[in-house]
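Below: one structure, written as structure tokens.
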Amino acid sequence: MERFAQLFTRLDQTTKINTKVDELAAYLKAADDDDRLWTVAILSSRRPKRTVNTTLLRQWAAELAGIPLWLFEESYHVVGDLSEAIALTLPKPSGKNEQSLSYWIEYIKALDKLEEAEKKSRVVAAWQQMDYTERLVFNKLIMGGFRIGVSQKLMVRALSKCTGIDENTLAHRLMGDWTPDRTTFEDLILTKDPLEDVSKPYPFYLAYALEEGPEGLGAPEEWIAERKWDGIRGQLIVRKGELFVWSRGEELVTDKFPEFHPLAEQLPDGTVIDGEILPYKDGQPLSFNELQTRIGRKNVTKKILEKVPVVLVAYDLLEWEGEDLREQPLEHRRKLLEKLLGQATASHQLLLSELVPFSQWEELEEERRNARQYHSEGLMLKKRASVYRAGRRKGDWWKWKVDPLTIDAVMIYAQRGHGRRANLYTDFTFAVWDEDALVPFTKAYSGLTDKEFREITSWVHRNTLERFGPVRSVEPKHVFEIAFEGIRKSTRHKSGVALRFPRMLRWRKDKPVREANTLEDLHQMLEVYEG
Amino acid sequence: MALLEFTEKGIYCAAAGVYIDPWRPVDRALITHGHADHSRWGHKHYLFTRSAAPVIRHRLGNIRHDTVEYGEVTRINGVSFSFHPAGHIVGSAQIRVEHKGEVWVASGDYKVEDDGLSEAFEPVRCHTFITESTFGLPVYRWKQQKKVFTQINEWWKQNQADGKASIIGVYALGKAQRVLAGVDSSIGPIHTHGAIENTNEVMRRQGITLPKTTRITREVKAADLEGSLVLATPSATGSNWMKRFKKASVGIASGWMALRGTRRRRSADRGFVLSDHADWTGLNEAITATGAERVVVTHGYTNLFARYLREERGLDAWEAQTEYEGESLDKDDDSED
């Protein structure tokens, strides 16, 4: 554990990617196979099953530290990370430990079936022989969420450096539904022929956002354009008569979408399609919100299947007749895809992502502006000759999103941020005018620079009207331009609307409070854009 | 009427007609220390300790003032005022106020660990204690400064071996001199940002010993800075001023570095947890040592700390609105405000 904790500290102490790769590679090289495999698992979001709930951990930590629970909770809010808050609060250790990372993971797993009192005594015993960083790591192992600035991509680079196996091969071997309990470092990482696992998806190729116009991309005839849909990126696999649906988060979601199950028979073996899972009814997409609600449900009922049916809008073919097509140009893959979907056997759950025809970039500008009419988020631009790469890469695929909707609103409440911004006021509530009253309608906590947050924090300190716990009401004085991606009706909010992805676009210091937008303006937007 | 009140202008003693650390211009101000949120411009007359005088006069220029020694009693309208070491920075004081047998102490900013440079904190018995709470949560517990300086020395040596400058962001008044006094100056040369060197010069003139430092001017070459320890103001670490360094590692020394999140926000390479404010343990010990039954909590996590003192320690504690700012990561003029 000490070595892993050291690694944690070193990774945490640098923002430089190359240094992180080097540190991680050096650690992996020196670690034994069990610790290596667990490290790879943890850094690809495969943590051991949670065996103690966080409510208990909070209670035990507060008790051990001799502070009331409410004070622990407030401290946690400031720190922003429960593992860290516990590690910072616990009293000094009474001993040392020399156990390995895998030892502690097994220790945590063994807590599963125990009585609460026994769990407590074991967790406390563990804390008492760990220093600050070891406790932090131990808590994170229990709770998951190992976000230490090491992406899976970075981990793969380090693993490649340590094993000499190339990154794409490793990324593929690491996909799918494995856990360190059921495999070994040797089998998973070092052994060839990963296709034995028929469910294994390909790493998704992710597009970067196009910040400027497309003119810089070169000749329009080298590119295709498609609509960008607001659904869930998905990969649909049929191999050996079985169907698997993967979401971009590398989650196997086959059970969530019974609509796709007949495809196991309708598509030939050795087919892998990349596309967007979209809620879709009566010939048009529903709002993403509907899909989110559906996914949140534990059981997929008949009612929900009728209310929010889904389709897969297919835009790429990654495997055909068992052959990996990713090195083929997009144009070729798309031809095969069109042929496949054109066949009579293809299900109506599979739609082809239509091309948006254009010969000049200007024509696309127009299409992008009109994106909301199609309930789409903008356009995707892909190079005809592009191969299918792994992860987020610049160059061949771009998303070109429609400009957000905006509204000018008045800040009325402020709350301290946590974690990264614990000493600044960063969480604000905004209101619009309804006659002479200000009606709150959204919160937002991103979009300003640190400098602006500092400025507003100092203003909040001096202009607080009232305090309600961590929230302060402030004089209605500042107007912000709020950007958002969508708007829908809400019965839960006083304003009657809920926004999607609200954030602060600009601090409108030039604008007097009286000139902020009105509730009526919001409701007009609702009429135009709800969907 | 209470002996001390919190008014729109500052902490007011009606019986004497004077203010402690006022934030609006007043006739007579008693000042705990030289940071800008406590010693502001524009009062008609100032009173502070003799060792706080040089930096305050350096900042505020030609002001009407008197100085006192620690422990010396000044009587104003029958009220006795005396200044006692707060351990925050050189010359910093808690101000004891006594009238008709009632004693209040306004502590300004303080820390209980002796930093070897400031006059060490002395607990003062009182009925009512006015305390800060900049780090008034149990997650803030400092390591001994010796350990922190070992970390800084190791970091400096490693950077030196890698041919890098070690740039550390610190306040010009207080933290800068504490770091100078604490590091192992035999490791290599030490360079300073101009704002810091100005304060160093003021302190050296008042007889405080600091290691040799070189002011960074246009004449200083990039090669001179290699392997050097560089003290910079927090804002300089994010500015064009940094362009002069070819290879550098950037550290920040502040109590806020106790939280990983704050360090990431500043995107510093290293965060050193070093504060001139009391940590959770220090605040609680200091309050105990005063024997006070009433505690007024000024800046920081005021509502939480006051609630803790009421509910868990049975003290009559409440929070007061002030314009003190404690340790900020984001400002630096010549102070820690």
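The values are calculated or read from the model by the stated rules, or taken from the named source; none is laboratory data. Computed from a prediction, not measured in an experiment: that's the story for all the values here. With ideal geometry, Cβ positions are generated from the backbone for all residues, glycine too; neighbour counts draw on all protein chains shown. Each accessible area value is taken on the protein alone, full model and side chains, heavy atoms only, with ligands, DNA and RNA left out. Shrake-Rupley method; radii C 1.70, N 1.55, O 1.52, S 1.80 Å.
Structure values in brief
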read-out	value
Three-way shape call for segment B:145-272 based on the alpha-carbon gyration tensor, with the a/c threshold at 1.5	rounded
Residues in segment B:138-172 occluded by at least 40 Å² - accessible area, probe radius 1.4 Å, against chain by itself	B:138, B:139, B:141
Neighbour cut-off at most 11 other Cβ (10 Å), DSSP loop, trypsin sites (Lys or Arg not before Pro), segment B:37-82	B:44, B:64
Percent carbon-and-sulfur accessible area, segment A:405-530, ignoring ligands, DNA and RNA, probe 1.4 Å	47 percent
Average accessible area per residue (Å²) across segment B:145-272 - probe 1.4 Å, nucleic acids and ligands excluded	40 Å²
Per-peptide average of other Cβ atoms within 10 Å, ordering B:76-86, A:297-307 highest first	B:76-86, A:297-307
Sulfur and carbon atoms: percent of accessible area, segment A:2-142 [1.4 Å]	47 percent
Cα gyration tensor, segment A:205-401 - rounded (a/c under 1.5), prolate or oblate	oblate
Chain B: calculated mean residue ellipticity at 222 nm from DSSP helix runs of at least 4, using -39500 (n - 2.57)	-6500 deg cm²/dmol
Label-point gap, in nm, between residue B:185 and residue B:14 - each point 7 angstrom along Cα→Cβ	5.1 nm
For segment A:419-458, residues shielded by at least 40 square angstrom of accessible area compared with the chain on its own, probe 1.4 Å	A:420, A:423, A:454
Heavy-atom accessible surface that B and A bury in contact, both chains counted, 1.4 Å, Å² to 100	3000 Å²
Inter-probe distance in nm under a simple model that places probes 7 Å from Cα toward Cβ, at residue A:183 and residue A:446	3.1 nm
A:384, B:310, ranked by accessible area, largest first (probe 1.4 Å)	B:310, A:384
Accessible area expressed per residue, segment A:2-142, with surrounding protein chains retained (probe 1.4 Å, Å²)	42 Å²
Surface share of carbon and sulfur [accessible, 1.4 angstrom probe, percent] for segment B:188-311	47 percent
Per-residue average of Cβ from other chains inside 10 Å of A:80-91	3
Charge dipole magnitude, Cβ of K and R +1, D and E -1 - chain A, Cα centre, debye nearest 20	1360 debye
Dipole axis of segment A:92-181 (+1 Lys, Arg; -1 Asp, Glu on Cβ), positive-most option in A:114, A:139, A:176	A:139
Residue (of A:80, A:202, B:107) at the positive-pole extreme of the protein assembly as shown, dipole from beta-carbon charges	B:107
Threshold 30 Å², segment B:241-279 residues less accessible with all protein chains present than alone (1.4 Å probe)	B:256, B:259, B:260, B:261, B:263, B:264, B:265, B:269, B:270
Segment residue B:224-residue B:41, extension gain: residue separation times 0.36 nm, minus the distance between their alpha carbons	62.0 nm
Per-residue mean of C-beta atoms belonging to partner chains within 10 Å, peptide A:463-471	1
Gyration tensor verdict on chain A (Cα atoms; rounded if a/c is under 1.5, prolate if a/b is larger than b/c, oblate otherwise)	oblate
